[in-house]
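Visitor: This is the structure I have questions about; it appears just below.
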Amino acid sequence: MNMAISDLVSLLSKGTLETLQMTLIGTLVAYLFGLPIGVSLIVTGPNGIKPRPIYNKVMGFIVNVLRSVPFLILMIALMPYIRIVIGTGIGTRATTAALIVAATPFVARMVEQSLLEVDPGVIEAAQAMGASNFQIIKKVLLLEARPSLLNGAAVAMITILGYSAMAGAVGGGGLGNIAIRYGLHRFQPAIMWITVVLLIILVQIMQEIGIRFAARMDNRIN
């Protein structure tokens, strides 16, 4: 390892913070877009509370198309447009923008699957009591699916973390960029393995927090 320990610690600390920043911001904004899309797919589905076949099919097709594109290819394709919007096609800001685009359809499908787990009988009971569509969405669908939604959020965050690491191959910043730049291009495998260990630790922490939080918010557990 051709680097002083203090320099290595500084480099890895900066990379870890960048990875966390990209992951957390990417997850948050992806949910701001993906959650309502996922809800709309359930609401407008054939068995939804307000069926809209055309919207459902068109939105479902768009979500499926975006989900089908591998993240690295999508990021490279988006680079010219991201550069126009934020002024750069590389680095943490560009990666975060690409993460949001890639993660939003993934989140939408995660939300849709979580809401599908809600017992239709509960929805029918709410309708029989005169609840509006908005009340059913807020107080029945989202509330009943809360544990599954939180588990899905943990899975989404881990997936986005993996995407952020992949972005290092095209100058995306964070731990992935350190692994590629130093571990691969400068032939320092020790640094690459350290970044791998750090990513594993981050994944385990996120997964544990997600599981504990979902269990705490589960109304079915006494």
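The values are calculated or read from the model by the stated rules, or taken from the named source; none is laboratory data. Bear in mind the structure is a predicted one, so any value in this text is a computation, not a measurement. Here the Cβ positions follow ideal geometry from the backbone for every residue, glycine too, while neighbour counts run over all protein chains shown.
Visitor: For region 48-68, name all the residues that are assigned to a helix (DSSP H, G or I) and of a type in the set (Val, Ile, Thr).
Guide: Taking region 48-68 first, the residues assigned to a helix (DSSP H, G or I) are 53-68.
Of everything in region 48-68, those that are assigned to a helix (DSSP H, G or I) and of a type in the set (Val, Ile, Thr) turn out to be Ile54, Val58, Ile62, Val63, Val65.
Visitor: Could you go through region 69-80 and let me know if any residue there is over 29 Å from Pro120 (Cβ atoms), part of a helix (DSSP H, G or I), free of Cβ contacts under 8 Å to residues at least 60 places away in the same chain and of a type in the set (Val, Ile, Thr).
Guide: Within region 69-80 (the criterion being over 29 Å from Pro120 (Cβ atoms), part of a helix (DSSP H, G or I), free of Cβ contacts under 8 Å to residues at least 60 places away in the same chain and of a type in the set (Val, Ile, Thr)), the answer is yes, since at least one residue qualifies.
Here is a yes/no grid of residues against (1) within 15 Å of the chain's Cα centre (by Cα); (2) among the β-branched types (Val, Ile, Thr):
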site	(1), (2)
Phe71	yes, no
Leu78	no, no
Arg83	no, no
Arg93	no, no
Thr96	yes, yes
Ala102	yes, no
Phe106	yes, no
Glu112	yes, no
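Visitor: Now a separate question. Test of understanding: among Thr88, Thr95, which residue is over 23 Å from Val111 (Cβ atoms), polar (S, T, N, Q) and not in a helix (DSSP H, G or I)?
Guide: Numbers: Thr95 fails: not in a helix (DSSP H, G or I).
Only one candidate qualifies: Thr88.
Visitor: Let me ask something else. Between Gly210, Gly172, Gly176, Gly130, which is part of a loop (DSSP other than H, G, I, E, B), in contact (Cβ under 8 Å) with a residue 60 or more places away in the chain and not polar (S, T, N, Q)? Spell out how you get there, then give the answer.
Guide: Numbers: Gly210 fails: part of a loop (DSSP other than H, G, I, E, B); Gly176 fails: part of a loop (DSSP other than H, G, I, E, B); Gly130 fails: in contact (Cβ under 8 Å) with a residue 60 or more places away in the chain.
That would be Gly172, the only listed residue that is part of a loop (DSSP other than H, G, I, E, B), in contact (Cβ under 8 Å) with a residue 60 or more places away in the chain and not polar (S, T, N, Q).
Visitor: Sticking with this one: What are the pairs, 6+ residues apart or on separate chains, where a residue within region 109-122 that is under 15 Å from Pro36 (Cα atoms) has its Cβ under 7 Å from a residue that is of a type in the set (Lys, Arg) and part of a helix (DSSP H, G or I)?
Guide: Once the first residue is under 15 Å from Pro36 (Cα atoms) and sits in region 109-122, its partners that are of a type in the set (Lys, Arg) and part of a helix (DSSP H, G or I) give Arg109/Arg67.
Visitor: Of everything in region 103-125, what is assigned to a helix (DSSP H, G or I), touching a Leu at 6+ places or on another chain (Cβ under 6 Å) and surrounded by fewer than 21 Cβ atoms within 10 Å (Cβ to Cβ)? Give them in sequence order.
Guide: First, pick out the residues of region 103-125 that are assigned to a helix (DSSP H, G or I): 103-116, 120-125.
Imposing the further condition that a residue be touching a Leu at 6+ places or on another chain (Cβ under 6 Å) reduces the set to 105, 111-112, 114-115.
Residue satisfying the conditions is Glu112 alone.
Visitor: Looking at (1) surrounded by 18 or more Cβ atoms within 10 Å (Cβ to Cβ); (2) under 17 Å from the mean Cα position of the chain (by Cα), can you tell me which one Ile205 breaks?
Guide: Tallying (1) surrounded by 18 or more Cβ atoms within 10 Å (Cβ to Cβ); (2) under 17 Å from the mean Cα position of the chain (by Cα), Ile205 fails exactly one: (1).
Visitor: Moving to a separate point now. Filter region 81-98 down to the residues that are touching a helix residue (DSSP H, G or I) at 6+ places or on another chain (Cβ under 6 Å) and in contact (Cβ under 8 Å) with a residue 40 or more places away in the chain, then identify the one that is surrounded by the fewest Cβ atoms within 10 Å (Cβ to Cβ).
Guide: Restricting attention to region 81-98, the residues satisfying the condition of being touching a helix residue (DSSP H, G or I) at 6+ places or on another chain (Cβ under 6 Å) are 82, 86, 88-89, 92-98.
Applying the additional criterion that residues be in contact (Cβ under 8 Å) with a residue 40 or more places away in the chain yields 92, 94-96, 98.
Working: Thr92: 21, Ala94: 25, Thr95: 30, Thr96: 24, Ala98: 28.
Ranking the qualifying residues of region 81-98, first place goes to Thr92.
So that you can scan it fast, the table gives a plain yes or no per residue for (1) crowded, with 19+ Cβ neighbours inside 10 Å; (2) among the small types (Gly, Ala, Ser):
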{"position": "Gly130", "(1), (2)": "no, yes"}
{"position": "Gln135", "(1), (2)": "no, no"}
{"position": "Thr195", "(1), (2)": "yes, no"}
{"position": "Ile201", "(1), (2)": "no, no"}
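Visitor: OK, next. Got a sec? Which of Gly210, Gly130, Gly121, Gly162 is more than 30 Å from Asp7 (Cα to Cα) and under 16 Å from the mean Cα position of the chain (by Cα)? Don't jump to the end; show me each part of the working.
Guide: Values: Gly130 fails: under 16 Å from the mean Cα position of the chain (by Cα); Gly121 fails: under 16 Å from the mean Cα position of the chain (by Cα); Gly162 fails: more than 30 Å from Asp7 (Cα to Cα).
Criteria check complete, one pass: Gly210.
Visitor: Identify the residue in region 188-207 that is part of a helix (DSSP H, G or I) and not aliphatic (A, V, I, L, M) and, among all such residues, is nearest to Leu12 (Cα to Cα). Give the derivation first.
Guide: To start, the set of residues in region 188-207 that are part of a helix (DSSP H, G or I) comprises 189-207.
Still in the running and not aliphatic (A, V, I, L, M): 189, 193, 195, 204, 207.
Numbers: Pro189: 14, Trp193: 12, Thr195: 8, Gln204: 18, Gln207: 22 Å.
Only one residue tops the list, namely Thr195.
Visitor: For Gly168, state whether it is in contact with an Asp or Glu (Cβ under 9 Å, 6 or more places away or on another chain), within 13 Å of Thr95 (Cβ to Cβ), at pLDDT below 90 and not polar (S, T, N, Q).
Guide: Details: in contact with an Asp or Glu (Cβ under 9 Å, 6 or more places away or on another chain): no; within 13 Å of Thr95 (Cβ to Cβ): yes; at pLDDT below 90: yes; not polar (S, T, N, Q): yes.
In short, no.
Visitor: Mind counting the residues in region 36-68 that are in contact (Cβ under 8 Å) with a residue 60 or more places away in the chain and under 19 Å from Ala97 (Cβ atoms)?
Guide: Step one: list which residues in region 36-68 are in contact (Cβ under 8 Å) with a residue 60 or more places away in the chain, which gives 37-39, 41-43, 47, 49-50.
After this cut, where a residue has to be under 19 Å from Ala97 (Cβ atoms) as well, the list is 37.
Total meeting the criteria: 1.
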